Amino acid sequence: MPELPEVETVVRDLARLVSGATITGAHVFRERNLSTPDAPSFTEAVRGRRILGTRRRAKWIIVELSGGLLLLVHLRMTGQLLVLPATAERDSYTRLSLVLGDGREIRFRDVRAFGRVALVAQRADGDAASSLDPHSAPLLADHGVEPLAAAFTVDALCSLIGHRQTRIKSLLLDQRCIVGIGNIYADEALWRAKIHPLTPASALRSAQIEALHLAIVGVLSEAVAARGSSINDYTAPDGDGEMQERLDVYQRTGEPCHRCGAAIHRSVVGGRGTHVCRTCQRAPRGLGRGVTSRAVRGPRWSERVTPETVGATHSERAAARRRSSSQGEAA
Ligand SMILES: [Zn+2]
């Protein structure tokens, strides 16, 4: 799944390629990838808009359009944004396209089709609204701190950690705390900081928190400079990234640690692969090496979805409705 560096690369490529272009039409090939509004309203609303620029919030790509509209794209698992001549052949995984006045198209291609597109208004405070009404609630309000923003200081990380007992890797993956870090860069940052992923956050000493802060900012910045990691389906409008060649632990199971030479070990925590050097990253005290199978996990993203969450799939929304109705019965 694309993480902050990959999404940032797409945002920068798009800015260079399509800023100033005018959208003359749109095609919605698969309506389920469009969160809001419906396809006819979407097509009508984007027509004639100029692309003013792009920015990123968490893992959302935000394209600023004239007239106060924002086009939001979340790549989720396998989404891609491509800028191609309108005459280029379109394959069956293209879910949506925007026709530009200069003979090109922006195409949203997504093999697994979990990605999401939304067209919303910009609120007076600059945030994305949750619909075409600029007075509607902010869409991305529950997102945490941006790790490459000036506000993400060592003190900020300290206060996020606070007295939380949660495993440090789970905390890094929690988008309500810090945004944009997924499995690749969580494993990489923890290796750089020599911290075992299962260490309870509150057990970290201040020197470790400082090292972790440095590692997070360092690995994400280097990955942005390298245009992200082209693993699985990730690519950007201007081509693949190179960070996959420079990763220290992610998908290097059995290969020697770049620091000590011991074999990189992979275990499964909460359904996700976790890569560590068991020599450099000591397991927390009181936990043996077999601990990973007993690891507790926090709620998955899909379990936090409400029926109103933009970006949720239909099955996630259905599960959320079932949860809320059963809670209603219990109350
Ligand atoms: Zn090592």
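Tabulated data
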quantity	calculated
Residue match in region 251-273 (condition: within 13 Å of the ligand (Cβ to nearest atom) and touching a helix residue (DSSP H, G or I) at 6+ places or on another chain (Cβ under 6 Å))	no
Elements of type helices (runs of 4 or more DSSP H) in region 102-199, at least 2 residues being small (Gly, Ala, Ser)	154-161, 183-192
Selection from region 234-250 of residues that are more than 16 Å from the ligand (Cβ to nearest atom), in a loop (DSSP other than H, G, I, E, B) and either without any contact (Cβ under 8 Å) to a residue 24 or more places away in the chain or farther than 29 Å from VAL73 by Cα (or both)	ASP240, GLU242
Any hit, region 95-104, residues being free of Cβ contacts under 8 Å to residues at least 12 places away in the same chain and in the same structural domain as ASP13 (by TED's automatic domain parsing)	no
Residue within region 47-57 that is crowded, with 16+ Cβ neighbours inside 10 Å, of a type in the set (A, V, I, L, M) and within 13 Å of ALA121 (Cβ to Cβ) present	no
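The values are calculated or read from the model by the stated rules, or taken from the named source; none is laboratory data. Owing to the predicted nature of the structure, the values given are computational and were not obtained by experimental measurement. When we count neighbours, we look across all protein chains shown, and the Cβ atoms used for this are built from the backbone with ideal geometry, even at glycine.
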